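The values are calculated or read from the model by the stated rules, or taken from the named source; none is laboratory data. Keep in mind the model is a prediction, meaning the values are calculated, not measured. Quick reminder, even Gly has a Cβ in these numbers, built from the backbone with ideal geometry, and neighbours come from all protein chains shown. What goes into the accessible areas is simple: the full protein's heavy atoms, side chains included, and nothing from ligands, DNA or RNA. Shrake-Rupley method; radii C 1.70, N 1.55, O 1.52, S 1.80 Å.
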Amino acid sequence: MAKSLKESPLGTQVVSNEFFVERYKNVRSFTEQLCEPLVTEDYVIQSMPDVSPTKWHLAHVTWFWETFLLTPADADYKCLHPQYAYLFNSYYNTLGERHCRPNRGLISRPTVEETYQYRAYVDEHVISLLEKLDERRLVELTPIFTLGLHHEQQHQELMLTDIKHVLSNNPLYPTYKSRVSTNAARVAPLEWVSFPESLDWIGHEGGGFSFDNESPRHRQFVQSFQLASRLVTNGEYMEFMEDGGYKNPLLWLSEGWATVNQEEWEAPLYWEKRDGRWWMMTLSGFREVEKAEPVCHVSYFEADAYARWADARLPTEAEWEIAVKDVPVEGNFVDDGLFHPAPLSAATTSGKLAQMYGDVWEWTQSSYSPYPGFKPAAGAVGEYNGKFMCNQYVLRGGSCATSLSHIRPTYRNFFPSNAQWQFMGMRLAREV
Ligand SMILES: [Fe+2]
């Protein structure tokens, strides 16, 4: 058993076989824990092209371990099924042909049971590999091993957002998990927190895991700005709606206005009007919208229009990252088991930034583009992030479906401007 103190992509810690096995088991078992509320029929539905069936997520993350860790590192490893690579490769062109994404919901075989057998087979081989690696190989394989863990955590979040979409299409509005009361408090007043102009560093410093898109660390000049102390709430967003927000072209970007009309948007995704009141689908079933909760499931277009209506704007990602420098990474994450953004108690603000992490991913006005000097990794793993740096916007801070151990101040999530189905919301910024 290898054991030593190392500076690794997991941070400074004891690098040991036991530590790796434990990390692996924890992440893999949490994926399966998230599936416990599901019935077999829930696993196979693909309710729109962007949604993947739970079964596909379970198999895809397993394929990732098989392809990027087991096959290169274990000469004796034999893939369980020769065609799983075709079915469960997501978007890696360098790894060959693959099944058409919008047709993932048409695949009834492998069955759910066979998919779990695939997971067990790969788990057995990964654990046996991790147990026998010497110290040199452990250190060598740490980057790809850690990427595998974070990749699986990303898919844990996607599984939740996708199953929410699946269940929302069922008129019975099934409950994924019954609700834990968040004691909807009086809404904390919105305060503006000021930041002076600065030439500051953003991007990952090293010394722990990060995705390649968070580097290189570089300097950015920001003008003085103000950031709202909390997220925009449902109540505030309802005022925008009642003020004709969805009917006023002056508030919208041209593409946003076209989308509003084409998709006939009149509220966030999952909202429905019943007898003059707004209700919404949650992972705890269908219920009335609570004004104190952060607004969620709004697109970039909607966040941008709301900000314009509120005489403010969305923050840039540099502003967000500079503002969060002294803010601890804590909040309402998937670990809390709410699976929904929570209202902020009035007692928790007083001129400080709150809800920067967890609850909802915060749209920024920054296009998802490479940092100066960015170079994707060599080989297939270089397809992970870099090739998506076009026509998407950056979101920051994680959500109620993100794991606490997965998020960082420098983490850059990204989605197209019309996407609504992730736990995405907003915080306002403005000039001083
Ligand atoms: Fe993936």
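A compact table of results
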read-out	value
Entirely in the range 46-150, the helices (runs of 4 or more DSSP H) that have 2 or more residues that are of a type in the set (Asp, Glu) and in contact (Cβ under 8 Å) with a residue 24 or more places away in the chain	112-132
The one condition in (1) among the hydroxyl-bearing types (Ser, Thr, Tyr); (2) out of contact with any Leu (no Cβ under 8 Å at 6 or more places or on another chain); (3) farther than 28 Å from THR67 by Cβ that THR364 fails to fulfil	(2)
Selection from the range 357-382 of residues that are surrounded by fewer than 19 Cβ atoms within 10 Å (Cβ to Cβ), within 30 Å of GLU293 (Cβ to Cβ) and touching a Ser or Thr at 6+ places or on another chain (Cβ under 8 Å)	GLN365
All positions within the range 383-410 that are out of contact with any helix residue (DSSP H, G or I) (no Cβ under 8 Å at 6 or more places or on another chain) and open to solvent by less than 10 Å² (accessible area, probe 1.4 Å)	LEU395
Every pair of residues 6+ apart whose Cβ atoms lie under 7 Å, when the first sits in the range 286-311 and is closer than 12 Å to PRO268 by Cβ while the second is at pLDDT below 95 and buried (at least 24 other Cβ atoms within 10 Å of the Cβ)	GLU293/PRO343
LEU172 vs. criteria open to solvent by 30 Å² or more (accessible area, probe 1.4 Å), out of contact with any strand residue (DSSP E or B) (no Cβ under 8 Å at 6 or more places or on another chain) and within 30 Å of ARG287 (Cβ to Cβ)	yes
Residue ID - nearest to the ligand (Cβ to nearest atom), chosen from residues in the range 159-187 that are closer than 18 Å to PHE333 by Cβ and among the basic types (Lys, Arg)	LYS164
The range 395-428, residues that are in contact with a strand residue (DSSP E or B) (Cβ under 6 Å, 6 or more places away or on another chain), outside any loop (DSSP other than H, G, I, E, B) and within 24 Å of ASN234 (Cβ to Cβ)	LEU395, ARG396, ASN413, MET424, GLY425
Scan of the range 411-432 for residues that are hydroxyl-bearing (Ser, Thr, Tyr) and crowded, with 20+ Cβ neighbours inside 10 Å, ordered by number	TYR411
Tally, over the range 44-79, of residues that are closer than 19 Å to THR31 by Cα and open to solvent by less than 10 Å² (accessible area, probe 1.4 Å)	15
Candidate set from the range 80-108 (those that are open to solvent by 90 Å² or more (accessible area, probe 1.4 Å) and not polar (S, T, N, Q)); member that is nearest to ALA380 (Cα to Cα)	GLU97
Conditions (1) away from the ligand (no atom under 16 Å from the Cβ); (2) modelled with pLDDT of 95 or more; (3) out of contact with any Pro (no Cβ under 9 Å at 6 or more places or on another chain): number failed by SER224	(3)
The range 125-158, subset more than 16 Å from the ligand (Cβ to nearest atom) and β-branched (Val, Ile, Thr), residue most open to solvent (accessible area, probe 1.4 Å)	VAL139
Count of residues meeting criterion [of a type outside the set (A, V, I, L, M), part of a strand (DSSP E or B) and open to solvent by less than 20 Å² (accessible area, probe 1.4 Å)] in the range 192-227	2
